[in-house]
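Presented below is the structure to which this report refers.
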Amino acid sequence: MAAKISPSLMCADFRRLEQTVEAFERAGVEYLHIDIMDGRFVPNFTLGPDFVRTIREMTAIPIDLHLMVERPEDHLHLFPVRGGDIVSVHQEASVHLQRTLQQIKALGARPSVALNPATPIYTIDDVLDDLDVVLVMTVNPGFAGQKLVPATLRKIANMKRHLADMGYGDVEIEVDGNISNENAVKMQAAGADIFVAGTSSIFKKNADLLELTERFRASISSIA
Ligand code: DX5
Ligand code: ZN
């Protein structure tokens with residue numbers, strides 16, 4: 001399966017949002033990753049429903065919504081989700097996970113479960129019928145610019161094998177956190193399909209965003 005890129009817009013220069021989105025359209029990225037944080041599930045706040053609406057008005061690129069919030073089922077209705085989007089909720093944050101995934105599916109979006117580094121892969125075994133994507137967090141969520149949790153590289157490989165063993169080899173694995181070009185190559189070899197590109201790869205000060213995105217694409221296409 002060809003690697004997909006999902007730039008993390010919380011890392012963008014908000015003074016140049018329109019140019020940023022145009023660069024991603026030219027680069028042909030498959031998703032735009034939008035992190036939503038509630039200050040409770042993670043100790044930070046970032047973007048919100050109005051930001052998602054603004055991006056939706058700017059471009060047809062599908063949204064990859066990462067809800068780092070307690071009880072995501074209570075807030076889904078606030079976001080302009082539509083067919084083709086990915087909506088990730090944290091396994092650790094949703095008591096009624098199966099029902100929440102059904103809610104996402106009912107919106108026409110691709111249901112996804114995000115797992116913090118310490119959360120075992122088998123915790124999604126009973127909702128494999130209900131999801132399209134598994135988001136393996138490769139850092140502890142909440143902030144950009146953090147360092148990879150090394151054990152998550154093995155976790156990606158274990159997840160890939162486990163999904164195949166369970167008969168769900170078509171479920172895509174998304175990775176998020178310190179996805180440098182070098183880390184992305186290792187993660188792809190381990191089985192990752194969708195790469196959240198942030199400050200470790202494409203959002204660098206005084207650098208050409210389109211060029212860095214194309215360079216990132218070249219890194220993860222070389223072993224495809
Ligand atoms: C962290 C967010 C990530 C973050 C990635 O909690 O989920 O999407 O923006 O940023 P980098 O690539 O800098 O780790
Ligand atoms: Zn994220």
Within the range 90-101, identify whether any single residue is within 14 Å of ligand 2 (Cβ to nearest atom) and more than 30 Å from LYS204 (Cα to Cα), and answer yes or no.
-> yes
Note on the range 125-141: residues in contact (Cβ under 8 Å) with a residue 24 or more places away in the chain and away from ligand 2 (no atom under 15 Å from the Cβ) are ASP125, ASP126, VAL127, LEU128, ASP130, LEU131, ASP132
Residue check, HIS77 in contact with a Ser or Thr (Cβ under 6 Å, 6 or more places away or on another chain) and under 23 Å from SER94 (Cα atoms) = no
Of (1) more than 14 Å from ligand 2 (Cβ to nearest atom); (2) out of contact with any Pro (no Cβ under 9 Å at 6 or more places or on another chain); (3) under 23 Å from PRO62 (Cα atoms), ALA144 fails just (1)
Return the residue satisfying two criteria in turn: it lies in the range 1-27 and is in a strand (DSSP E or B) and buried (at least 21 other Cβ atoms within 10 Å of the Cβ), and of such residues it is farthest from ligand 1 (Cβ to nearest atom).
-> ILE5
Say we look at the range 81-132 and pick out the residues that are part of a loop (DSSP other than H, G, I, E, B) and among the polar types (S, T, N, Q); which of these is farthest from ASP50 (Cα to Cα)?
-> THR119
Does the range 134-142 contain at least one residue that is open to solvent by less than 10 Å² (accessible area, probe 1.4 Å), modelled with pLDDT of 95 or more and touching a His at 6+ places or on another chain (Cβ under 8 Å)?
-> yes
In the set GLY177, GLY167, which member is over 16 Å from the mean Cα position of the chain (by Cα) and either away from ligand 2 (no atom under 16 Å from the Cβ) or within 22 Å of ALA23 (Cα to Cα) (or both)?
-> GLY167
Among the residues of the range 28-50 satisfying the criterion of being surrounded by fewer than 20 Cβ atoms within 10 Å (Cβ to Cβ) and among the hydrophobic types (A, V, I, L, M, F, W, C), which is nearest to the chain's Cα centre (by Cα)?
-> LEU47
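The values are calculated or read from the model by the stated rules, or taken from the named source; none is laboratory data. Since we're looking at a predicted model, the values are computed, not measured. Heads up, the Cβs are rebuilt from the backbone with ideal geometry, glycines too, and the neighbour counts pull from every protein chain shown. We work out accessible area using only protein heavy atoms, side chains counted, and drop any ligands, DNA or RNA first. Shrake-Rupley method; radii C 1.70, N 1.55, O 1.52, S 1.80 Å.
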